[in-house]
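The values are calculated or read from the model by the stated rules, or taken from the named source; none is laboratory data. All values reported here derive from a predicted model rather than from experimental measurement. Cβ atoms come from the backbone with ideal geometry, glycine included; neighbour counts cover every protein chain shown. All accessible areas refer to the heavy atoms of the entire protein, side chains included, with ligands and DNA or RNA removed. Shrake-Rupley method; radii C 1.70, N 1.55, O 1.52, S 1.80 Å.
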Amino acid sequence: MEMMKKTIVVKIGGNASNQLPATFFEQLKIWWLEGKQILIIHGGGPQISQWSKKLQLPVKKINGIRVTNDETLDVTKAVLLGLVQPKLCQYIAQTGLPVIGLNASENHLLEGTYLDQAKYGEVGQVNKINQQWLETELHNQIGILAPLAQTKTGQWLNVNADMAAATIAIQMHAESLVLLTDVPGVLNSGKVVPQLTETVAADLFQQHIIKSGMMPKIKASFNALKNGVHQTFITNDLGRPGTQFQYVEK
């Protein structure tokens with residue numbers, strides 16, 4: 001029986017996708033040569049906000065989650081699938097690595113349900129992935145996936161990319177989840193916190209050292225660890241671990 005390839009899930013924030021350092025591509029190459037399956041989930045927050053403003057649509061977030069009406073959903077789809085994803089695919093292809101752009105409309109790839117329609121609008125969470133199909137796609141190429149899900153009836157949902165990455169990493173039984181952002185890790189007085197437990201995270205949040213925008217990333221990281229992902233990190237450089245999360249059994 002063929003050994004399952006180890007999967008690494010990398011989430012790239014919208015800011016990070018504009019300025020990927022050489023170390024990003026070097027690390028992808030190392031993993032690829034080691035025979036890992038690599039799935040990159042990309043956000044596009046800054047770009048979505050920018051286009052929303054151009055089109056005079058309201059930009060509103062609650063707890064780091066974008067309130068999404070029908071028009072904002074259209075902008076989100078256009079930006080993620082039309083601008084951010086092709087650019088990332090192009091960058092990776094230029095390094096000679098095989099790459100494919102993926103989205104929820106392909107073979108029920110990401111199935112989701114509404115998070116709280118009254119509060120957030122067309123925003124969802126990923127409940128189910130077509131793991132078998134995704135595994136096949138990732139066997140010979142690096143996947144670049146947009147964090148949009150579809151309901152059973154085909155309604156598109158905007159999903160927070162950190163939350164989507166954690167759920168997908170869990171369902172793929174990933175070896176690591178790396179949240180690549182524009183800061184070198186979780187910071188306390190300007191220094192990276194090398195290891196973070198839930199207790200310390202709660203304390204830092206209480207003291208307003210951890211800001212609300214970082215909360216979805218921290219929640220997603222602990223959620224992944226508790227559900228079988230071996231290791232999770234927040235960093236701005238794939239070559240540096242940044243903050244590693246530690247789950248302490250209660």
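Over the chain, what lengths in whole Å, largest first, do the semi-axes of the equivalent ellipsoid take, defined as the square roots of 5 times the eigenvalues of the alpha-carbon gyration tensor?
24, 24, 18
In what sequence, highest mean first, do 149-160, 46-57 appear when ranked by Cβ atoms within 10 angstrom? Intermediate results must be reported in sequence, preceding the final value.
Values: 149-160: 18.8, 46-57: 15.6.
Output ranking for 149-160, 46-57: 149-160, 46-57.
Which value, in Å² rounded to 10, gives the accessible area of residue 230 with a 1.4 Å probe and all protein chains present?
140
Which three extents, in whole angstrom, do the alpha-carbon atoms of region 130-250 cover along their principal axes, largest first?
Sorted largest first, the three principal extents are 44, 32, 30 Å.
Among 62, 144, 210, whose mean-square fluctuation peaks in a Gaussian network model of the chain (Cα, cutoff 10 Å)?
Evaluated over the chain, the most mobile residue of the options is 62.
What is the set of long-range amide H partners of residue 10 at a cut-off below 5 Å, with H atoms built 1.01 Å from backbone N?
39, 40, 41, 178
Could you go through region 155-163 in sequence order and give the Karplus-derived ³J(HN,Hα) for each residue, using 6.51 cos²θ - 1.76 cosθ + 1.60 with θ = phi - 60°, rounded to whole Hz, and x for Gly and Pro?
Once rounded to whole Hz, the list reads 6, 6, 10, 7, 10, 4, 5, 5, 5.
As a check on your grasp of the helix formula, calculate [θ] at 222 nm for the chain: sum -39500 (n - 2.57) over DSSP H runs of n ≥ 4, divide by the residue count, round to the nearest 500.
That comes out to -10000 deg cm²/dmol.
Which residues' amide hydrogens lie under 5 Å from the amide hydrogen of residue 44, considering only partners 5 or more residues apart or on another chain, with H built in the peptide plane?
Answer set, sorted by chain and number: 14.
Could you give each residue of region 179-189 its phi-based ³J(HN,Hα) in whole Hz, using Karplus coefficients 6.51, -1.76, 1.60 with θ = phi - 60°, and x for Gly or Pro?
For region 179-189, the Karplus curve yields 9, 8, 10, 9, 10, x, x, 6, 9, 9, 6 Hz.
Go ahead and set up a Gaussian network model of the chain, Cα springs under 10 Å, then flag whichever of 24, 233, 222 fluctuates most.
24
With the full set of protein chains in place, find how many percent of the accessible area of the chain is carbon and sulfur; take the probe as 1.4 Å.
Numbers: 6220 of 11940 Å².
Answer for the chain is 52 percent, counting heavy atoms of protein chains only.
What's the center-to-center distance, using Cα atoms, between region 114-148 and region 30-78 in Å?
A separation of 13 Å, based on Cα centres.
Between their Cα atoms, which of 11/219; 11/128; 29/87; 53/152; 54/77 are more than 21 Å away from each other? Walk me through the numbers on the way to the answer.
Values: 11/219 14 Å; 11/128 18 Å; 29/87 18 Å; 53/152 31 Å; 54/77 16 Å.
In this structure, 53/152 exceed 21 Å between Cα atoms.
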